[in-house]
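The values are calculated or read from the model by the stated rules, or taken from the named source; none is laboratory data. This is a predicted model, so every value here is computed, not measured. As a convention, Cβ positions derive from the backbone with ideal geometry for all residues, glycine included, and neighbour counts pool all protein chains shown. Side chains included, ligands, DNA and RNA excluded: accessible areas come from the protein's heavy atoms. Shrake-Rupley method; radii C 1.70, N 1.55, O 1.52, S 1.80 Å.
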Amino acid sequence: MKITYPHMGSLNMILKTMFEGIGVEVIDPPPSTNKTLTLGVRNSHEFACLPFKINVGNFIEALDRGADTIIMLGGIGPCRFGYYGQVQREILKDLGYDFKMIIVDPPHGRLIDFLKELASYFPNVDGKTALKSFVFAVKKMIAADKLEKFLLKYRAHEDKPGVTTKIYEEYMKKLEKAQNGKEVDKIVSEAMKKIKENANVRRKIQLKVALVGEIYMLLEPFTNMDISKSLNELGVEVTKTEYLSDYLINSAFKLPQRMEFKKNARGYLERDIGGHGLNTVANTVKYAKLNYDGVIHILPFTCTPEIVAQGIIAKISRDYNIPVMSLVYDENTGQAGYQTRLEAFVDLLYRKRMEVIC
Ligand code: SF4
């Protein structure tokens with residue numbers, strides 16, 4: 001078996017750790033590029049959402065490199081993600097690829113059932129080894145997210161441009177190769193120390209922006225054109241509101257995060273609307289209450305849950321007097337146009353703060 005998966009932030013590192021830990025050969029799809037996007041767009045329905053198309057591109061590139069098995073998350077609920085795997089399987093079969101597709105539903109509080117289902121696809125692996133690999137992969141996932149949260153805060157203060165990103169990338173590579181928990185802890189603390197040492201710029205006005213929206217768009221820098229980096233380079237601290245570790249840990253143990261979302265969204269949205277629409281509304285309220293300077297909402301073109309959320313957060317913006325900007329992405333989105341919008345938005349936030357100070 002040569003297994004592959006789609007790119008989604010640090011997901012590839014986590015799955016690679018887990019599968020290699022149980023002795024399964026992994027074929028990493030090459031990092032997403034314009035070629036990936038072109039392959040996905042050419043072979044998907046025009047109105048499929050952008051993450052779907054990029055997944056298809058990832059799979060084609062990985063199958064061309066020799067992968068024979070794809071693992072994909074399934075799902076339930078009023079959003080297209082639930083049938084991504086099935087439709088992608090048919091597209092790839094029609095293209096002539098010979099492979100097996102494993103579609104696993106998220107745990108939704110049933111972690112043991114989830115692990116059992118996963119294990120059933122690998123009958124020759126003993127339970128102890130599988131559990132050890134899973135736990136180690138989760139540790140790496142939490143470490144990767146911790147490091148990214150740190151990066152998005154401190155890169156806004158770097159005094160040597162580009163150095164923080166280099167440190168981060170260097171340590172993410174080390175994290176990928178780490179063999180045990182001790183190594184992981186050492187890598188994270190060393191990286192955080194180095195990032196902090198390069199963060200010396202003190203500004204009179206320090207802006208904070210929360211990024212809300214569809215989870216794939218938030219997690220995958222190629223797809224969102226590395227919006228966090230662009231904002232950091234404009235001197236803005238960024239808080240991303242979706243992380244893989246939060247999503248999976250909450251889904252695994254049914255932690256009260258969902259209750260928190262419902263509580264924060266109360267008065268604006270009373271029910272789940274599929275995808276991460278409820279989270280978007282709840283997080284906009286949350287960061288408005290925390291006095292953030294602005295919220296940027298990112299969503300793929302034709303994403304129904306986020307389109308519903310978009311209408312609601314306009315009201316939150318008025319109620320809390322917090323600037324909100326929605327950025328809609330598809331395969332025709334151009335970097336230059338978005339950069340101009342980001343610069344104009346940040347300029348607006350500075351002016352708003354100046355008014356408060358003067
Ligand atoms: S949340 Fe939106 S982009 Fe994501 S799968 Fe559902 S419809 Fe598509």
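A compact table of results
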quantity	calculated
Residues (open to solvent by 20 Å² or more (accessible area, probe 1.4 Å), of a type in the set (Lys, Arg) and touching an Asp or Glu at 6+ places or on another chain (Cβ under 8 Å)) located in the stretch 19-53	Lys35
Residue that is modelled with the lowest pLDDT [pool: residues in the stretch 131-152 that are of a type outside the set (A, V, I, L, M, F, W, C) and surrounded by fewer than 17 Cβ atoms within 10 Å (Cβ to Cβ)]	Lys132
Residues of the stretch 329-352 that turn out to be in contact with a strand residue (DSSP E or B) (Cβ under 6 Å, 6 or more places away or on another chain) and not in a helix (DSSP H, G or I), as a count	1
Test for Thr280: is it buried (at least 22 other Cβ atoms within 10 Å of the Cβ), within 11 Å of the ligand (Cβ to nearest atom) and either within 19 Å of the chain's Cα centre (by Cα) or in the same structural domain as Ala48 (by TED's automatic domain parsing) (or both)	yes
Identity of the residue in the stretch 234-247, away from the ligand (no atom under 15 Å from the Cβ) and closer than 21 Å to His7 by Cα, that ends up modelled with the lowest pLDDT	Asp246
Residue count for the stretch 39-85, restricted to those that are within 15 Å of Ile102 (Cα to Cα) and of a type in the set (D, E, K, R)	1
Boolean, Arg351 is within 16 Å of the ligand (Cβ to nearest atom), loosely packed, with under 13 Cβ neighbours inside 10 Å and not assigned by TED's automatic domain parsing to the domain that holds Val138	no
Residue count, the stretch 90-103 (criterion: touching a strand residue (DSSP E or B) at 6+ places or on another chain (Cβ under 8 Å) and either within 16 Å of the ligand (Cβ to nearest atom) or within 18 Å of Ile273 (Cβ to Cβ) (or both))	1
Odd one out for Lys286, checked against (1) within 16 Å of the ligand (Cβ to nearest atom); (2) open to solvent by 40 Å² or more (accessible area, probe 1.4 Å); (3) not aliphatic (A, V, I, L, M); (4) not in a loop (DSSP other than H, G, I, E, B)	(1)
Those residues of the stretch 190-228 which are part of a loop (DSSP other than H, G, I, E, B), more than 16 Å from the ligand (Cβ to nearest atom) and open to solvent by less than 30 Å² (accessible area, probe 1.4 Å), in sequence order	Asn198, Ile205, Leu207
Conditions (1) more than 16 Å from the ligand (Cβ to nearest atom); (2) under 20 Å from Ala119 (Cβ atoms); (3) open to solvent by less than 40 Å² (accessible area, probe 1.4 Å): number failed by Lys16	(3)
Residue satisfying all of: in the stretch 248-277; crowded, with 17+ Cβ neighbours inside 10 Å and among the small types (Gly, Ala, Ser); farthest from the ligand (Cβ to nearest atom) among these	Ala252
Options Ile112, Ile102: the member that is surrounded by fewer than 16 Cβ atoms within 10 Å (Cβ to Cβ) and within 25 Å of the chain's Cα centre (by Cα)	Ile112
Every residue from the stretch 229-273 that is small (Gly, Ala, Ser) and under 17 Å from the mean Cα position of the chain (by Cα)	Ser230, Ser245, Ser251
Qualifying residues in the stretch 160-179 (those that are open to solvent by 70 Å² or more (accessible area, probe 1.4 Å) and touching a residue at least 24 places away in the same chain (Cβ under 8 Å)) - the one farthest from Asn200 (Cα to Cα)	Glu176
Selection within the stretch 327-352 - touching a residue at least 60 places away in the same chain (Cβ under 8 Å) and out of contact with any Lys or Arg (no Cβ under 8 Å at 6 or more places or on another chain)	Tyr329, Asp330, Thr333, Gln335, Tyr338, Gln339, Leu342, Glu343, Val346, Leu349, Tyr350
Residues of the stretch 299-313 classified as closer than 19 Å to Val238 by Cα and surrounded by fewer than 24 Cβ atoms within 10 Å (Cβ to Cβ), total	0
Test: Leu231 is away from the ligand (no atom under 16 Å from the Cβ), buried (at least 19 other Cβ atoms within 10 Å of the Cβ) and under 19 Å from Glu169 (Cβ atoms)	yes
